Amino acid sequence: SEVILEVENLKKYFPVTNGKLFGRTNYLKAVNDISFTIEKGKTLGLIGESGCGKSTVGKTIIGLNNITDGVIKFKGKDIGSLNNKEMKPLRKDIQMIFQDPYSSLDPKKKIGYSVKEPLDIHNIGEEGERQDKARQLLEMVGLSYYYMNRYPHEFSGGQRQRINIARALTLDPELIICDEPTSALDVSIQAQVLNIFKQLQEKFDLTYLFISHNLSVVKYLSDDIAIMYLGKIVEIGDVKEIYKNPLHPYTKALFSAIPTEDPNIIKDRINLKGEIPSPLNPPSGCKFHNRCPHKMKVCEEVDPNLINVDVNHKVGCHLYK
Ligand code: SF4
Ligand code: MG
């Protein structure tokens, strides 16, 4: 299958000025040398705790951040090398859906207008065609067209997120970056919205980068998953393989916290000591070494590279050679 997104050695550092102290600039290494690819029609789930850099990855791909180093290729084109004019068609092809369904719709605009608006901005089609498309999209996410003339405050959080999904589809994108799109919703509503993501993916052969800290959500939607810790990917590969056989001590600890479906199976929950260190002052060597139950001498000194342990399974840990 065609690779649609290639991220190669991506770095995104944010300068942080330490007041007058030595007058030097420190860097927050939010994304620190990560690589992955996504094939057309597939979903990569990007997992990690808050502050690990996963949202920064999404925002950098969509162009909300400039790239510190590395390459992002969309359908073979190096996004970082394009000028504004060359970027314009790509802005249609890649869309993003954010976590908060409340702040992402303009409260003063009717929702039919908000769904149609991207067509106005890109000057696509006649007014009647634009209205038709908005109507179809709303119906596709399970909202009747007669809601077109209502305002965002008349809808629940789950409905608003469906309106956001409809709006993200207006320009027929190929890749959608979903940043915790169901985290703000009631658990009872989450499944409905996730099913809409699945149905739309099949219907339009959409590709998703699905960012979440919710392991069940990611498992349900993803073909591949990548686990991030302090700006790095520590494990990546086929979702079934990694859920069956997690290898990185951080992945193992995260997965040990998922409740089992079978109450007779009692899992040993791995409780990690300490907190995630500040990305402003990350540990030497393996970024996980101060919390790892398997730490060795080498871990403090050498940052492990990702190595292949199976056809589609990589891990970055000195336990695996
Ligand atoms: Fe633990 Fe060392 Fe592996 Fe890091 S490299 S996860 S510290 S065993
Ligand atoms: Mg986030």
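What follows draws every value from the coordinates through simple rules; no lab data is involved. Note that the structure is predicted; figures quoted are calculated from it, not measured. Every residue, glycine among them, receives a Cβ derived from its backbone with ideal geometry; neighbour counts consider all protein chains shown.
Quick notes on this structure:
- The stretch 207-309: Rg to Rh, with Rh as the Kirkwood radius over Cα pairs: 0.97
- By definition, a body whose alpha carbon gyration tensor gives a ≥ b ≥ c is oblate when a/c is 1.5 or more and a/b is not larger than b/c, and the stretch 1-118 fits this oblate description.
- Chymotrypsin sites (Phe, Trp or Tyr not before Pro) within the stretch 1-82: DSSP coil, no more than 15 neighbouring Cβ in 10 Å: Phe22
- Shown here for the stretch 99-193: chymotrypsin sites (Phe, Trp or Tyr not before Pro) in loop regions (DSSP other than H, G, I, E, B) with at most 14 other Cβ atoms within 10 Å, namely Tyr102.
- Across the stretch 109-150, the volume of the C-alpha convex hull divided among the residues equals 58 Å³ per residue.
- Dipole magnitude for the chain: about 800 debye, using +1 per Lys or Arg Cβ and -1 per Asp or Glu Cβ, origin at the Cα centre.
- Along the stretch 74-90 the Karplus relation, 6.51 cos²θ - 1.76 cosθ + 1.60 evaluated at θ = phi - 60°, assigns HN-Hα couplings of 10, 6, x, 8, 6, 4, x, 8, 8, 8, 4, 5, 5, 6, 3, x, 5 Hz to successive residues, with x for each Gly and Pro.
- Span from the the stretch 44-101 Cα centroid across to the the stretch 205-263 one, whole angstrom: 21 Å
- Karplus-derived 3J(HN,Hα) values for the stretch 293-306, using 6.51 cos²θ - 1.76 cosθ + 1.60 with θ = phi - 60°, are x, 10, 4, 10, 4, 4, 5, 6, 9, 10, 6, x, 7, 6 Hz; glycine and proline are entered as x.
- In loop segments of the stretch 108-141 as defined by DSSP, the trypsin sites (Lys or Arg not before Pro) with at most 11 further C-beta atoms inside 10 Å of their C-beta are Lys108.
- Descending semi-axes in Å of the stretch 64-121, equivalent ellipsoid built from Cα gyration tensor: 28, 15, 9
- Model label sites at Asp69 and Lys240, defined 7 Å from Cα along the beta-carbon direction, differ in position by 3.9 nm.
- With Cα atoms, 0 to 90° folded angle of helix 111-121 axis to the chain main axis: 80 degrees
- Sorted from longest to shortest, the spans of the Cα atoms of the stretch 186-243 along the three principal axes equal 31, 28, 21 Å.
- Computed label-point distance, nm, for sites His294 and Asp106 using a 7 Å Cα→Cβ extension: 5.3 nm
- Taking only the alpha carbons of the chain, we obtain Rg and Dmax values of 21.0, 68 Å in that order.
- For Leu171, no residue 5 or more places off, or on another chain, has a built amide H under 5 Å of its own.
- Helix 157-169 axis, angle to the chain major axis (alpha carbon atoms, nearest 10°): 80 degrees
- A Förster radius of 51 Å, combined with the Cβ-Cβ distance separating Ser284 from Ser144, puts the computed FRET efficiency at roughly 0.30.
- For the stretch 54-70, 3J(HN,Hα) per residue [Karplus equation, 6.51 cos²θ - 1.76 cosθ + 1.60, θ = phi - 60°, Hz, x = Gly/Pro]: 5, 5, 4, 4, x, 5, 6, 5, 7, x, 7, 10, 7, 8, 6, 6, x
- Largest GNM mean-square fluctuation among Asp268, Asp69, Asp100, using the chain with Cα springs under 10 Å: Asp268.
- Acute angle (nearest 10 degrees) that the helix 187-204 long axis makes with the longest principal axis of the chain, alpha-carbon atoms: 70 degrees
- For the stretch 135-197, the calculated P(r), taken from all Cα-Cα distances in 10 Å bins from zero up to the bin holding the longest distance, is 21, 56, 24, 0 percent.
- Along its principal axes, the stretch 99-185 has C-alpha extents of 36, 29, 22 angstrom, given from the largest down.
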